[in-house]
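For reference, the structure discussed in these notes is given below.
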Amino acid sequence: MATTLFHISDLHFGAEDRAALDWLAGEIAQHRPDGVICTGDLTMRGTTREFDAAADYLAALGVPVSIEPGNHDMPYYWEMVTRLRRPFARFEAMRTRAHSDLPIADVALASLPTVTPAQWRINWSKGCVKQPALSAALRRLEGARGLKLVACHHPLVDADTAKHRAKKWAPVFGNTRSDHQGSGSTRGGQRALAALAGAGVTAVLSGHVHDPFDRLVETPQGPIRIIGAGTLSERTRATAPSYNRLEWAEGALSVSVRRYA
Ligand SMILES: [Fe+2]
């Protein structure tokens, strides 16, 4: 029997695309996936109002939704004290209302947080993988059979999306828009990806770059698939708002991108 999962990302309430969100809700009502995996950036500025809107929307979908934090899901820079003291308080309040673990027998899903409220580089929007988070994800998948997924916000290695390829040689100052879009600079990402490949993970799901992708990456511990979902916000880049439809049947994972016309 096939398992269907919808992979969504970067809804960015505060700059959401209402028509695209209505379309997605209709798709979910029609196709009734076994679960939805959301790989972060629920909001624009991490405000209570934006999180409330996100929670209302996700809770109304009527299917289990598993939620990861994105770099936009912390208080914004002008709320620095709150950002540093309680970076995920609002996110966790929203998650309490809208998150469900996916109750699917042949699917193991591990969370791998890649966001941090501050780091030693200019652009704090970039990702980093900390060893305790990686260890927790690996423990979660120990002994799992069937579809083994890891969900995080930042691509662990270069997503090589169309927009990024076009701007690859733009001036490099670490915090340029093009560098953010390609997001191949997740600290500890390569090491993490290799460890996940060694653990037999089927695919790593992420968002952040706002364009969908599906790649097989070679690592020292074997190949692993990385899958990115586009955005459902007004902050589109090379492609229209979209989500990914994942089908798991007879030991094979197929992915199709569904675009909002
Ligand atoms: Fe985003």
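The values are calculated or read from the model by the stated rules, or taken from the named source; none is laboratory data. None of the values given here were measured: they were computed from a predicted structure. Positions of Cβ are generated from backbone atoms using ideal geometry, with glycine treated the same way; all protein chains shown enter the neighbour counts.
Just checking, which of Leu205, Leu253, Leu193 is touching a strand residue (DSSP E or B) at 6+ places or on another chain (Cβ under 9 Å), modelled with pLDDT of 95 or more and within 15 Å of the ligand (Cβ to nearest atom)?
Selected residue: Leu205, the only one of Leu205, Leu253, Leu193 that is touching a strand residue (DSSP E or B) at 6+ places or on another chain (Cβ under 9 Å), modelled with pLDDT of 95 or more and within 15 Å of the ligand (Cβ to nearest atom).
Which condition number does Glu27 fail, the rest of (1) in a helix (DSSP H, G or I); (2) more than 15 Å from Phe6 (Cα to Cα); (3) among the charged types (D, E, K, R); (4) in contact with a strand residue (DSSP E or B) (Cβ under 8 Å, 6 or more places away or on another chain) being met?
Failing condition for Glu27: (2).
Please name all residue pairs, on different chains or six or more residues apart, with Cβ atoms under 8 Å, provided the first residue is in segment 49-72 and is hydroxyl-bearing (Ser, Thr, Tyr) and the second residue is surrounded by fewer than 17 Cβ atoms within 10 Å (Cβ to Cβ) and assigned to a loop (DSSP other than H, G, I, E, B).
Ser66/Ser100; Ser66/Asp101
Could you list, in sequence order, all residues of segment 87-105 that are over 17 Å from Asp41 (Cα atoms) and either of a type in the set (Phe, Trp, Tyr) or exposed (fewer than 14 other Cβ atoms within 10 Å of the Cβ) (or both)?
First pass over segment 87-105, keeping only residues over 17 Å from Asp41 (Cα atoms): 100-105.
Once the filter is applied, which keeps residues that are over 17 Å from Asp41 (Cα atoms) and either of a type in the set (Phe, Trp, Tyr) or exposed (fewer than 14 other Cβ atoms within 10 Å of the Cβ) (or both), segment 87-105 yields Asp101, Pro103, Ala105.
If I filter segment 221-239 down to residues being closer than 12 Å to Gly207 by Cβ and not in a loop (DSSP other than H, G, I, E, B), which single residue comes out as nearest to the ligand (Cβ to nearest atom)?
Out of the qualifying residues, it is Ser233.
Any idea which of (1) assigned to a helix (DSSP H, G or I); (2) in contact (Cβ under 8 Å) with a residue 12 or more places away in the chain is the one Trp78 doesn't satisfy?
Looking at each condition in turn, Trp78 falls short on (2).
Condition test on Val36, is it crowded, with 19+ Cβ neighbours inside 10 Å and of a type in the set (Val, Ile, Thr)? Let's see the steps before the verdict.
On the way: crowded, with 19+ Cβ neighbours inside 10 Å: yes; of a type in the set (Val, Ile, Thr): yes.
Criteria met by Val36.
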